[in-house]
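The values are calculated or read from the model by the stated rules, or taken from the named source; none is laboratory data. As the structure is a prediction and not an experimental result, all values here were calculated from the model. Here the Cβ is made from the backbone with ideal geometry for all residues, glycine too, and neighbour counts use every protein chain on show. Calculation scope for accessible area: heavy atoms of the full protein, side chains included, ligands and nucleic acids excluded. Shrake-Rupley method; radii C 1.70, N 1.55, O 1.52, S 1.80 Å.
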Amino acid sequence: MYYDALKTFVTLAEIKNFTKTAENLRMSQPSVSLHIKNLEKEFQTTLFLRSPKFLQITPTGEILYDRAKRMITLYEQTRQDILEHQNSIKGELKIGASFTIGEYILPSLLLDLQTAYPELELQVLIGNTEEIIQSVRMHQVDIGLIEGQTNEKELSVHPFMQDELFIVSSKNHELASKDEVTFADLQNQPWVTREVGSGTREFLNHVIRTNGLKVKSLLTISSNQGIKETLINGMGLSFLSRSVIERDVQNQNLSIIKMKNQSFTRTLSYIYSPVIEDKKIVKTFINALQQKWPNEKQKGIK
């Protein structure tokens, strides 16, 4: 059984250091070397180029790395499925979520799952949309929740919610007092936005391009909370999800810039690799997701 050798190989490929790999896997450095040597003998190839100053994976090593990740995932899924008995839902579920979903939408679902399945261990990784897509592709998480779509052919993509976005500002902004504004009113305004790779940033870029908006300045902050605090302190406009701003609008910390005859919606989706499609706890999570937001249609903030 080559599971231990493949696990060692994948860890070494990611850490690129024999000593740190041994510490991470709680084994001796000679054991790490032996696992790599056995794999190189098995596949009749050199997996790493070694020197005192660097460790570099070879082209054949890259091929094995991709396949080994999949084999390890399949092995661990099989092991967990065998350990599960009767209808008990337990084990570890790793969830990846974009910032908007992970910070403002997912928590209520996590509470439902923890209440219904107390033996289920939930781990949540939060990043921007592009980071979550890559985490799912590399099998670092079992399932991902993202804002919009992905062109990754290796992944299965399914919509679960329509999310409405709004242009927002501080309550003292010059546009906040207007009953309605047009795109002409948005010309030459400073904007505060998320980083490249974020679904929200991608949507804002689309709106700017489509409507020919000229941007006075662009401040990038990789945090929804950071953006809101910047707006509250009087800096420009931003484009944020309903779920992100709802409480701040109700508390009158932020104001919605009401657009004339215009609304903005996007699709939130869950994604996973077909390799783990039959994993029991992944199916449980998807069922809970679909039950919580069956054909959900978000309403605007009043």
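In table form, for the structure just shown:
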quantity: Computed magnitude of the charge dipole of the chain (debye, nearest 20; Cβ of K, R +1, Cβ of D, E -1); calculated: 460
quantity: Sulfur and carbon atoms: percent of accessible area, the chain [1.4 Å]; calculated: 47
quantity: Trypsin sites (Lys or Arg not before Pro) lying in DSSP loop within region 7-93, provided at most 16 other Cβ fall within 10 Å; calculated: LYS16, ARG26, LYS53, LYS90
quantity: Entries in LYS7/LYS280; LYS178/LYS216; LYS7/LYS292; LYS153/LYS214; LYS41/LYS94 that, when Cα-Cα distance is taken, lie over 25 Å; calculated: LYS7/LYS292; LYS153/LYS214; LYS41/LYS94
quantity: Alpha carbon Rg of region 150-256, scaled by the compact-globule rule 2.2 N^0.38 Å; calculated: 1.12
quantity: Considering only the chain, percent of DSSP beta bridges that pair antiparallel, nearest 5; calculated: 55
quantity: Peptide ranges 277-284, 233-240, 171-178 listed from the most packed, as the mean C-beta count within 10 angstrom indicates; calculated: 233-240, 277-284, 171-178
quantity: Loop-located chymotrypsin sites (Phe, Trp or Tyr not before Pro) in region 31-122, at most 16 other Cβ atoms within 10 Å (DSSP); calculated: PHE54
quantity: Whether the chain is rounded, prolate or oblate, judged on the alpha carbon gyration tensor where a/c under 1.5 counts as rounded; calculated: prolate
quantity: Electrostatic dipole magnitude of region 1-105 [Cβ: Lys, Arg +1; Asp, Glu -1; Cα centre; debye, to 20]; calculated: 360
quantity: Among PHE54, GLN225, PHE166 the positive-end extreme of the charge dipole of the chain (Cβ point charges); calculated: PHE54
quantity: Heavy-atom accessible area per residue - the chain, 1.4 Å, Å²; calculated: 54
